[in-house]
Every structure is written in structure tokens, then in C-alpha cells.
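J.: Okay, handing you the structure first.
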Amino acid sequence: MTDFALVLDAGAIAAYATGGAEIVGTHLVGADMIGMHAAVPTTCLAEAYAILGPKPEAVQRVRLLLALPCVRTVPMLPGQARAAGLLCHDHADLTRLGIAHTIITAVSSGAAAMTSSPLIGDYLPAEWPIITV
Amino acid sequence: MIGMTRRTIRFAPDVDARLDQLDAGQVSAYVTEAVRDRITRERTLAALAEAGYHPDPQKAAAAAAMLARRPSRALRDAAVSRLADLTGLSAGALRDDLGLGE
């Protein structure tokens with residue numbers, strides 16, 4: 001099983017893709033330095049493409065991100081789908097599945113969440129490591 | 001060994017002292033692993049540079065230290081309890097869903 005140090009949500013991926021998020025690159029190198037990986041949930045990846053649109057430079061940066069040795073995409077498994085769906089169903093403010101997928105991946109793997117959304121903090125214990133982009 | 005090459009290299013005293021602690025047969029594997037880690041780091045930095053990013057080494061080291069402090073078992077249990085409350089699932093069912101086991 002891959003050992004994840006952090007999970008990138010759609011906002012973090014999109015920020016990286018626009019070229020103005022040094023903090024993302026810094027933490028990717030940090031994960032690599034300790035021999036760990038960064039998770040990119042596939043729902044977050046889809047949402048990032050939805051945010052970015054077809055801009056060639058941004059799409060190219062996403063490709064480069066996914067090609068990094070320390071980055072792994074993670075699918076939403078059936079059990080995780082139930083938990084993510086229930087989180088979104090019961091909480092009107094949690095409208096993006098990607099945020100739920102980020103939360104669930106972070107808890108599953110004991111990883112920090114990297115996000116542009118202040119919502120995530122409402123769904124995790126106060127001490128959980130959250131890196132704001 | 002087939003495919004392996006022999007090379008004479010010099011080490012700084014602190015590195016040499018560490019290598020002295022290894023069994024003779026482990027030194028090559030130890031150095032090879034370190035070099036492979038460095039190659040991976042260089043690939044990462046090259047790909048980041050291609051994307052326009054040039055992370056500050058000190059900030060990256062600080063990020064590494066932060067990421068190395070993993071959530072404790074108690075904190076992970078608290079997170080599962082919180083998500084169980086929010087989803088209406090039992091903590092056990094949620095653990096199963098997330099593949100966490102007991």
C-alpha cells in the first residue's frame with residue numbers, strides 16, 4: 001500500500017496548474033524527502049479540470065504533476081463512495097464530492113489535506129494537519 | 001555480480017563512519033539506495049522546474065518535517081468518530097468502508 005503524506009484536493013491541483021502555488025511544489029518535495037507520496041483523488045482531478053477548462057498551459061502542468069515520481073492518483077473505492085456520498089447527502093455545504101474524497105483519503109491514510117477550501121476543517125478534528133493553498 | 005560495475009569513490013568521515021557500521025555485503029546496496037533516492041529527487045525537481053516551480057530547499061525541509069509528524073492513532077480514531085457522526089454510519093462500518101480494519 002502506498003504511504004501518503006498528503007492529499008491534494010481540486011483547489012490545490014488547480015492552484016498548482018495555474019502556476020502560482022509554490023506551496024504545493026514545496027510540499028511535494030517535502031513528501032519526496034521523507035520517502036512518501038502525495039495522493040491525487042480522481043474526483044479531485046476531474047473537478048480540477050472542470051475548474052481549469054481547456055487552457056493548454058494549465059493542462060500541461062497537471063500532466064507534469066501526475067508524472068512526478070512522488071504523486072499517485074487514487075480512485076474512489078466502493079466503500080469510500082458510500083461514506084463520501086453520505087457526507088455530501090447530509091451536509092448541504094459539502095457539495096463537491098472531491099472534498100469528501102479528500103477527507104476520506106486523508107483519514108484512510110493518515111495524511112495531511114492540502115486544500116483551498118475552508119470547509120475541510122469542519123469535517124476533521126481541529127488538530128488534523130491541513131495545508132491551505 | 002552480473003550487470004554490476006566496480007568504482008572507487010571517496011567518502012567524508014561522517015559518511016564513512018556510517019558505512020563502517022554496515023556488514024561488508026550491505027555497503028553497495030546502501031549506497032545504491034541513497035543514489036536512487038537522489039535520482040528520484042532530481043527527477044521531481046526537474047519536473048517541478050518544467051512546470052515553473054523552484055521550491056526553496058529550506059522550506060521543502062520544513063515541509064518534510066511537518067509531513068513526517070503523522071496523525072497519531074488517537075487523532076485518527078477521533079477523525080473516524082467525527083466522520084461516523086457526520087455520515088450516520090457506525091464507527092465500525094466506517095472503518096470497514098475506509099479499509100481501516102480494527
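Any read-out appearing in this document is the output of simple, stated calculations on the displayed coordinates, not a laboratory observation. For clarity, every value in this text was computed on a predicted model and none was experimentally measured. A quick note on method: Cβ atoms are made from the backbone with ideal geometry, for glycine too, and the neighbour counts reach across all protein chains shown.
J.: Pairs under 7 Å by beta carbon, first residue at the interface with another protein chain (Cβ under 8 Å from one of its Cβ atoms) and under 17 Å from B:Leu94 (Cα atoms) in the range A:89-111, partner outside any helix (DSSP H, G or I) and of a type in the set (Asp, Glu), six or more apart or different chains?
T.: none
J.: Could you tell me which of the residues A:Ala67, A:Ala50 is out of contact with any Leu (no Cβ under 9 Å at 6 or more places or on another chain), within 29 Å of B:Ala46 (Cα to Cα), surrounded by fewer than 24 Cβ atoms within 10 Å (Cβ to Cβ) and more than 12 Å from chain B (Cβ to nearest Cβ)?
T.: A:Ala50
J.: Return the residues of the range B:45-55 that are over 17 Å from A:Ile34 (Cβ atoms), within 7 Å of another protein chain (Cβ to nearest Cβ), not small (Gly, Ala, Ser) and not in a helix (DSSP H, G or I); say none if nothing qualifies.
T.: Matches in the range B:45-55: B:Tyr53 only.
J.: Are there helices (runs of 4 or more DSSP H) fully within the range A:54-117 with at least 2 residues that are over 18 Å from B:Ala84 (Cβ atoms)? List them.
T.: Of the helices (runs of 4 or more DSSP H) lying wholly inside the range A:54-117, those with at least 2 residues that are over 18 Å from B:Ala84 (Cβ atoms) span A:56-67, A:97-109.
J.: For the range B:32-79, name all the residues that are among the acidic types (Asp, Glu) and in contact with an Asp or Glu (Cβ under 9 Å, 6 or more places away or on another chain).
T.: Across the range B:32-79, the qualifying residues are B:Asp37, B:Asp56.
J.: Also: Within the range B:1-41, take every residue that is among the hydroxyl-bearing types (Ser, Thr, Tyr) and exposed (fewer than 11 other Cβ atoms within 10 Å of the Cβ) and give me the one that is farthest from A:Leu68 (Cα to Cα). Even if it seems obvious, please write down each step before you answer.
T.: Here is the first cut: in the range B:1-41, the residues among the hydroxyl-bearing types (Ser, Thr, Tyr) are B:5, B:8, B:28, B:30, B:32, B:40.
In the following step, the residues that additionally are exposed (fewer than 11 other Cβ atoms within 10 Å of the Cβ) were identified as B:5, B:8.
Working: B:Thr5: 29, B:Thr8: 32 Å.
Here the residue is B:Thr8.
J.: So which residues in the range A:1-42 are at the interface with chain B (Cβ under 8 Å from one of its Cβ atoms), without any contact (Cβ under 8 Å) to a residue 40 or more places away in the chain, closer than 24 Å to A:Leu119 by Cβ and aliphatic (A, V, I, L, M), if there are any at all?
T.: A:Ala31
J.: Quick check on my filter: what residues within the range B:65-92 are assigned to a helix (DSSP H, G or I), in contact with a strand residue (DSSP E or B) (Cβ under 9 Å, 6 or more places away or on another chain) and closer than 14 Å to A:Phe4 by Cβ?
T.: Result: B:Leu67, B:Ala68.
J.: Could you please let me know if A:Pro118 is on the phi < 0 side of the Ramachandran plot and facing another protein chain (nearest Cβ under 10 Å)?
T.: no
J.: Here is a further query. Can you tell me which residue among B:Asp96, B:Asp56, B:Asp77 is more than 28 Å from A:Met76 (Cα to Cα) and either buried (at least 16 other Cβ atoms within 10 Å of the Cβ) or of a type in the set (Asp, Glu) (or both)? Write out each step before concluding.
T.: Details: B:Asp96 fails: more than 28 Å from A:Met76 (Cα to Cα); B:Asp77 fails: more than 28 Å from A:Met76 (Cα to Cα).
Testing whether each residue is more than 28 Å from A:Met76 (Cα to Cα) and either buried (at least 16 other Cβ atoms within 10 Å of the Cβ) or of a type in the set (Asp, Glu) (or both) leaves just B:Asp56.
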